[in-house]
Amino acid sequence: MTRNNRPADPLGPNTVLVRAGHDPFDYHGFINPPKVHASTVLFPDAQTMDRNGQKYTYATRGTPTTDALCDAINELEGAAGTILVPSGLAAVTTALLAYLSPGDHALIVDSVYGNVRQFCDTMLSRFGIDVEYYDPSIGRDIEMLFKANTKLVHTEAPGSNTFEMQDIPAIVEAAHRHDAVVTMDNTWATPLFFRPLDAGVDVSIQASTKYPAGHADVLMGTISANARHWRALKRANGALGFCGTPDDAYQVLRGLRTMGVRLERHQASSLAVAKWLERRGDVVRVLHPALESFPGHALWRRDFKGAGGVFSFVLAVDQTKDFKLKAQKFLDGLSLFGLGYSWGGYQSLALHVDLSDRRIAKVPVEGPLIRLQIGLEDVEDLIADLERAFAASSTV
């Protein structure tokens with residue numbers, strides 16, 4: 001199909017993923033964009049150099065490879081612009097730095113990714129920014145927390161490790177009445193299952209390390225802004241000097257092509273495992289938004305088109321026993337599940353979650369919290385592996 005023969009009707013999500021961000025006929029018909037390695041870009045003459053009168057001026061400001069990924073993410077997010085940064089954490093911290101100044105007040109969800117909390121409690125506090133954590137279930141009542149200097153509300157749905165859902169439209173409505181910027185970490189759902197900007201969020205953040213890359217071998221983050229907030233984001237990124245490398249951008253763009261079919265598999269498998277866990281007597285409860293038993297299920301069903309492959313469960317334990325030892329016995333009983341951080345790759349992972357940093361949100365106290373990333377293995381094999389882990393932990 002040539003560039004002059006494009007379909008007129010809206011395309012489905014997997015079709016968009018296959019085509020987004022690159023027209024093969026811009027590069028002699030090659031189906032993937034070129035991987036451009038560069039720092040210096042030459043100008044044809046002094047006048048062009050003086051007025052930056054060409055598309056590319058220096059590699060930190062973009063290359064054909066990074067632009068192809070940004071264009072694809074813009075299409076998926078419905079964004080005015082996207083920047084690439086070296087990690088998911090850098091995506092959140094760059095967004096916060098772009099919109100906050102000394103003396104500002106920021107509202108950060110208490111179920112936020114732990115390293116973001118560390119950044120808020122150290123770096124932002126050093127810069128004279130007042131950070132306040134709020135309950136993820138607060139909804140429209142967040143308005144009671146606003147002050148005259150509240151400039152930003154950071155959301156994450158579902159929340160890290162405990163998967164609390166947030167009423168994003170209600171929070172957006174309250175924040176915008178006070179002219180505050182709303183940012184959202186949407187890594188779990190990706191724009192395929194939830195589009196933050198369509199819900200009124202100003203800045204959508206993804207750890208491309210996870211589902212977009214999909215193979216546990218790339219670190220990258222994307223930050224996508226609506227038209228009103230794009231200029232400030234781009235200006236901040238230029239000042240900070242963050243940029244994605246062409247090799248990583250190329251791999252993330254390649255991963256995007258199969259993200260839809262991979263997410264379908266992650267979703268189906270994780271829900272099957274979650275339902276199996278719900279039926280076990282040695283599990284207190286399962287924290288998965290797509291389960292009807294989950295407190296935030298109604299919000300998930302209202303706003304989201306699907307679910308990621310990561311969730312947690314509370315391991316039942318005699319209250320007189322050592323929670324950590326119980327969790328370690330369980331984890332050491334696994335062989336197919338790897339013990340490691342991150343998620344979104346093809347292999348299933350497990351870890352024991354530490355929630356000691358929570359300040360507002362209620363956390364499970366009946367037993368240790370185990371987080372599972374359900375990968376692309378056969379569900380039957382994963383369940384058998386979990387069976388062995390339960391048997392190993394029963395000796396504690």
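Of the residues Glu156, Glu366, the one with the largest accessible area comes first in the ranking Glu366, Glu156, computed with a 1.4 Å probe on protein heavy atoms.
Taking a ≥ b ≥ c as the square roots of the eigenvalues of the alpha-carbon gyration tensor, region 1-134 is classed oblate because a/c is 1.5 or more while a/b is no larger than b/c. The apolar share of the surface of region 226-361, taken as the fraction of accessible area on carbon and sulfur atoms (1.4 Å probe, ligands and nucleic acids excluded), comes to 51 percent. Taking all protein chains together and a 1.4 Å probe, the residues Lys210, Lys324, Lys305 rank Lys305, Lys324, Lys210 from largest to smallest accessible area. Computed from point charges on the beta carbon alone (+1 for Lys and Arg, -1 for Asp and Glu), the dipole magnitude for the chain about its Cα centre is near 380 Debye. Between Phe294, Phe43, Phe163, the Gaussian network model of the chain with springs among Cα atoms under 10 angstrom shows the greatest mean-square fluctuation at Phe43. Pick out, from Ala236, Trp276, Leu376, the residue whose Cα sits farthest towards the positive end of the charge dipole of the chain, with +1 on the Cβ of Lys and Arg and -1 on the Cβ of Asp and Glu. Of Ala236, Trp276, Leu376, it is Ala236. Counting only protein heavy atoms and a 1.4 Å probe, region 1-109 has 54 square angstrom of accessible area per residue.
Here the contact order of the chain, divided by its residue count and restricted to Cα pairs under 8 Å and six or more residues apart, works out to 17 percent. Once you sort the root eigenvalues of the Cα gyration tensor of region 138-187 as a ≥ b ≥ c, which label holds: rounded (a/c under 1.5), prolate (a/b larger than b/c) or oblate (the other case)? Because a/c hits 1.5 or more and a/b exceeds b/c, region 138-187 counts as prolate. Count Lys and Arg as plus one, Asp and Glu as minus one, and take only other residues whose Cβ is under 13 Å from that of Ala199; the net charge is then -3. At 1.4 Å probe size, with no ligands or nucleic acids counted, give the accessible surface of Trp276 in Å², nearest ten. Accessible area of Trp276: about 30 Å². Each Lys or Arg adds one and each Asp or Glu subtracts one; over the other residues with Cβ under 15 Å from the Cβ of Asp332, this totals +1.
Taking every protein chain into account, the accessible area of region 259-343 amounts to 48 square angstrom per residue (probe 1.4 Å). Paramagnetic label reach from Asn52 (point 7 Å along Cα→Cβ; backbone nitrogen cut-off under 17 Å): within region 228-266, residues 230-244. Comparing Ala391, Ile73, Pro136 along the charge dipole axis of the chain, the residue lying farthest to the positive side is Ile73, per the Cβ-charge model. Across region 17-34, coupling constants 3J(HN,Hα) worked out from phi with the 6.51/-1.76/1.60 Karplus curve, θ = phi - 60°, read 4, 5, 9, 4, x, 7, 9, x, 7, 6, 10, 6, x, 5, 6, 10, x, x Hz, and Gly and Pro carry x. Heavy-atom accessible area, probed at 1.4 angstrom with all protein chains present, ranks Phe30, Phe146, Phe25 as Phe30, Phe25, Phe146, highest first.
Between helix 88-99 and the chain there is an angle of about 60 degrees, using the helix long axis and the longest principal axis of the Cα atoms.
Within the accessible surface of region 91-171, defined with a 1.4 Å probe on protein heavy atoms only, the carbon and sulfur portion equals 50 percent. Mean sequence separation of contacting Cα pairs (under 8 Å, at least six apart), scaled by the length of region 263-308, corresponds to a relative contact order of 36 percent.
Count Lys and Arg as plus one, Asp and Glu as minus one, and take only other residues whose Cβ is under 12 Å from that of Met259; the net charge is then +4. Only beta bridges with both residues in the chain are counted; by DSSP, about 55 percent of them are antiparallel. The label-point distance for Arg228 and Asp121, in a model that sets each label 7 Å from Cα toward Cβ, rounds to 3.3 nm. Short-range pairs are left out: with C-alpha atoms under 8 Å and at least six residues apart, the relative contact order of region 52-158 is 26 percent. Set the Förster radius R0 to 51 Å, insert the Cβ-Cβ distance between Lys147 and Lys324 as r into 1/(1 + (r/R0)^6), and round the FRET efficiency to 0.05. It comes to 0.85.
Comparing Ala95, Ala290, Ala239 in a Gaussian network model of the chain, where Cα atoms under 10 Å apart are tied by springs, the biggest mean-square fluctuation is seen for Ala239. The stretch between Arg235 and Asp26 holds 72.4 nm of extra length on full extension. This uses 0.36 nm per residue minus the Cα-Cα distance. Note on Arg177/Asp45: beta-carbon distance plugged into 1/(1 + (r/R0)^6) with R0 of 56 Å gives a FRET efficiency of 0.60.
Taking label positions 7 Å along the Cα-Cβ direction at both Glu132 and Leu11, the computed distance is 4.5 nm, reported to one decimal. Computed from label points 7 Å out along Cα-Cβ, the spacing between Ala298 and Asp357 is 3.2 nm. For Val365 and Lys305, the FRET efficiency from 1/(1 + (r/R0)^6), where r spans their Cβ atoms and R0 equals 35 Å, is about 0.60.
Accessible area per residue, 1.4 Å probe, Å², for region 149-206: what's the number?
22
Aspartates and glutamates within cross-link reach of Lys321: Cα-Cα under 19 Å, excluding same-chain residues under 8 positions apart? Within reach: Asp282, Asp332, Asp354, Glu366. Checking the a/c ratio against 1.5 first, then a/b against b/c, what shape does the Cα gyration tensor give for region 113-264? Prolate, since a/c reaches 1.5 and a/b exceeds b/c.
The values are calculated or read from the model by the stated rules, or taken from the named source; none is laboratory data. Note that the structure is a prediction, hence the values are computed from the model and not measured. With ideal geometry, Cβ positions are generated from the backbone for all residues, glycine too; neighbour counts draw on all protein chains shown. Accessible surface is based on the protein model in full, side chains and every heavy atom, while ligands, DNA and RNA are left aside. Shrake-Rupley method; radii C 1.70, N 1.55, O 1.52, S 1.80 Å.
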